Amino acid sequence: MIESLRNQINRVLVGKEDVVENVLTCLLAGGHVLLEDVPGVGKTTLAKTLAQAVRCSFGRIQFTPDTLPSDVTGLYIYNRKTSEFEYREGPVMRQVLLADEINRTSPKTQASLLEAMAEGQVTVDGIRHPLPELFFVIATQNPIEYLGTFPLPEAQLDRFMMRLRVGYPSPEAELTMARNFLDGANGIGGTTAGSDTASDGGVCDASDVLRMRAEAAAVHVSDGVLNYIREMIDLTRTEKHLSLGASPRALLSLVRASQARAYLQGKDFVSPDEVRAVATNVLHHRVILSEEARMAGADIDEIITAIVRKAKLPKA
């Protein structure tokens, strides 16, 4: 089932197997993803294709400065026929939600979504409404344009398990996308690269994903690996180039992501390899460069990579 998921998504998002693997890791770990990249690299396509592959309901919010919290959570509308107020649910009630350009809306609207991500429910007019049991957010933001944006504060960035960059495809992958596009446009049959959905039906449903989540959460993590992760987190707090280290939530996210990555590899235990594979994407949006490091042009990913290498490997 996992291999079928990979194949279906990779047929649409050509040449981005590592991004797909990280998104599936977050899905099975019960986290959420922030995709930060320029327009046109497949962020929306990835979200829609994933929703179809797991046969889940899909919602999209195109955030703008005038988007209101009720545009996310829904609102109560008076029904004249029944003389009662009825709840009209918002797009947040979908199982897979694309929050497009989340940094273009006001902090109040951002908070309405991030509350749902943290608590699994929304409160409208004092009444709580639970979200679907499977609730997965893929948020996007453009790192190039800053005019009229509201950057997410560190406390809200910490709600995302991973921050990923899609990046441009390789020349070979881009040619494959172009050929697939022409085949699809000419009615030849093939999957159109960059289209909204995959041509095939889904390979599983929400209950299958929830079952796989439970199995991933049961993957064994030894005390040695736990201490390896804890030391890695502690090193971010003492690193001289960082003014803010990783939080305890980061430690828990790193454990869950490592379990999900091991599960995707068909393993029933976590090794340091799985921890290293997810560490940078889990940590780089949870730490802050010091002023001196920022002025010196330090790269935060390089610093985290050095921290990962510095942490002592657990004994066999």
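On inspection, V72 qualifies as buried (at least 16 other Cβ atoms within 10 Å of the Cβ), on the phi < 0 side of the Ramachandran plot, over 17 Å from the mean Cα position of the chain (by Cα) and aliphatic (A, V, I, L, M).
Okay, residues lined up against (1) in contact with a Gly (Cβ under 8 Å, 6 or more places away or on another chain); (2) modelled with pLDDT of 85 or more; (3) farther than 22 Å from L5 by Cα:
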| position | (1), (2), (3) |
| --- | --- |
| A155 | no, no, yes |
| D183 | yes, no, yes |
| T197 | no, no, no |
| Y228 | no, yes, yes |
| I233 | yes, yes, yes |
| H241 | no, yes, yes |
| P248 | no, yes, yes |
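The residues on offer are S247, S258, S243, and the sole one that is in contact (Cβ under 8 Å) with a residue 24 or more places away in the chain, closer than 26 Å to A118 by Cα and buried (at least 20 other Cβ atoms within 10 Å of the Cβ) is S258. Only a single criterion out of (1) in a helix (DSSP H, G or I); (2) modelled with pLDDT under 95; (3) not hydroxyl-bearing (S, T, Y) is not satisfied by R286, namely (1).
Could you please let me know if S106 is small (G, A, S) and in contact with a Phe, Trp or Tyr (Cβ under 9 Å, 6 or more places away or on another chain)? Write out each step before concluding.
Values: small (G, A, S): yes; in contact with a Phe, Trp or Tyr (Cβ under 9 Å, 6 or more places away or on another chain): yes.
Judged against the criteria, S106 is a match.
The values are calculated or read from the model by the stated rules, or taken from the named source; none is laboratory data. Remember, it's a predicted structure, so these values are computed and weren't measured experimentally. Don't worry about glycine lacking a Cβ; one is built from the backbone with ideal geometry, like all the others, and counts go over all protein chains shown.
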